[in-house]
1. Taking every pair of distinct Cα atoms and averaging 1/r, then inverting, what Kirkwood hydrodynamic radius in Å comes out for the range 67-127?
2. In deg cm²/dmol, rounded to 500, what helix-only [θ] at 222 nm does the chain give when every DSSP H run of at least 4 residues adds -39500 (n - 2.57) and the total is split over its residues?
3. Ignoring ligands, DNA and RNA, what percent of the 1.4 Å accessible area of the range 34-122 is carbon and sulfur?
4. Too long at a 32 Å Cα-Cα cut-off: which of Lys111/Lys230; Lys34/Lys111; Lys34/Lys281; Lys135/Lys281; Lys116/Lys281?
5. For the range 84-214, give me the percentage of DSSP beta bridges that are antiparallel, rounded to the nearest 5 percent.
6. I'd like the carbon and sulfur percentage of the solvent accessible area for the range 145-295, probe radius 1.4 Å, heavy atoms only, ligands and nucleic acids excluded.
7. At what distance in angstrom do the alpha carbon centres of the range 49-64 and the range 120-165 lie from each other?
8. Can you give the accessible area per residue of the range 220-295, in Å², using a 1.4 Å probe?
Amino acid sequence: MQRREFLSMAAAAPAVAQPSAQPLVAVFTKPLQKLGWVALGRTIVRTGLRHADLTVRPEGHVLPERVREDLPRAVEALAGEGVSIAMITTELTSASDPAARPILAGAARLKIPYYKLGYWRYRKDDVEQTLARVKRDAEGLVSLGRELRIQAIWHNHSGDYVGHSTWDTREIIGGLDPRWIGYYFDLSHAFSEGGVGGWNIALRLALPRLRVVAAKDHFWTKSGGRWIRKTCPLGQGMVDFDAALALLAQAGFDGSISLHVEYDPPDPVEAIARDAEFLRKQLDRHWPRKRSKPA
């Protein structure tokens, strides 16, 4: 490896083996989808949090076709309530999507550091051909992000999604500039795919370019002769938060955590506040200095 390449990768990698600030926690805004921006900001504050993982996609808090006008307005409205945007969640899977440049340019102008990519699926296509096609798509988006100065983050999703195991994500993004694409590591989906030890290996592989961690929980139940994955409140499922967060703290992770509440609770605000409190106790345990990362 040439010296220039090494310095580039070293600058992009998170600090390790030294005390770090607590990761900031952002609310994934999907369960609050019906709220306007001001109400969204007030609701997030009511949960005890101050950051948002904002949906910028069809049926999201900002619609792709309205991003030029509405994303600045959403940022301003949330900021007025004391909430900053830590990242945006999109459905982008190709730089040729007409919405790609407006979304990324708008987010970059507003100093939003990350955008979550959309999803690709394996379906019945040849696996090698699928990986090659997805790699071309990812390269195009990373090139556009580099031009506009915003980093893509790849979310692992269990099932037939490309990147469900992190092994295949690594094959796709391993040769791409780590300054412009990293991991959005979902603990719940990682435990679905590797409940005994696979999640640990996957997380360790992701650590050098880990930017965001998704916090949600699940368990398996049998219905009609089939096993079904059911999301649930944090701490009530199979995700070993103590082990996962201990690994993150030991590695010096000080990025962001996106709190997902996807189990359709009767009161989403109460559920977010409850899960946020569970997460706060875990963070205080593993990052005992309790320093919050600046907004």
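1. Values: mean 1/r = 0.0767 Å⁻¹.
Across the range 67-127, the inverse of the average 1/r is 13.0 Å.
2. Values: 10 runs with 118 residues, N = 295.
Theoretical 222 nm ellipticity from helices: -12500 deg cm²/dmol.
3. Values: 1990 of 4010 Å².
The computed percentage sits at 50.
4. Details: Lys111/Lys230 36 Å; Lys34/Lys111 25 Å; Lys34/Lys281 29 Å; Lys135/Lys281 39 Å; Lys116/Lys281 27 Å.
Those over the limit are Lys111/Lys230; Lys135/Lys281.
5. Values: 1 of 14 bridges.
So the antiparallel bridges amount to about 5 percent of the total.
6. Numbers: 3250 of 6610 Å².
After summing per-atom areas, the C and S share lands at 49 percent.
7. Result: 21 Å between the Cα centres.
8. Details: 4170 Å² over 76 residues.
It amounts to 55 Å² per residue over the range 220-295.
The values are calculated or read from the model by the stated rules, or taken from the named source; none is laboratory data. Predicted model, so just to flag it, every value in this text is computed and none were measured. So basically every Cβ, Gly included, is an ideal-geometry build from the backbone, and we count neighbours across all protein chains shown. All accessible areas refer to the heavy atoms of the entire protein, side chains included, with ligands and DNA or RNA removed. Shrake-Rupley method; radii C 1.70, N 1.55, O 1.52, S 1.80 Å.
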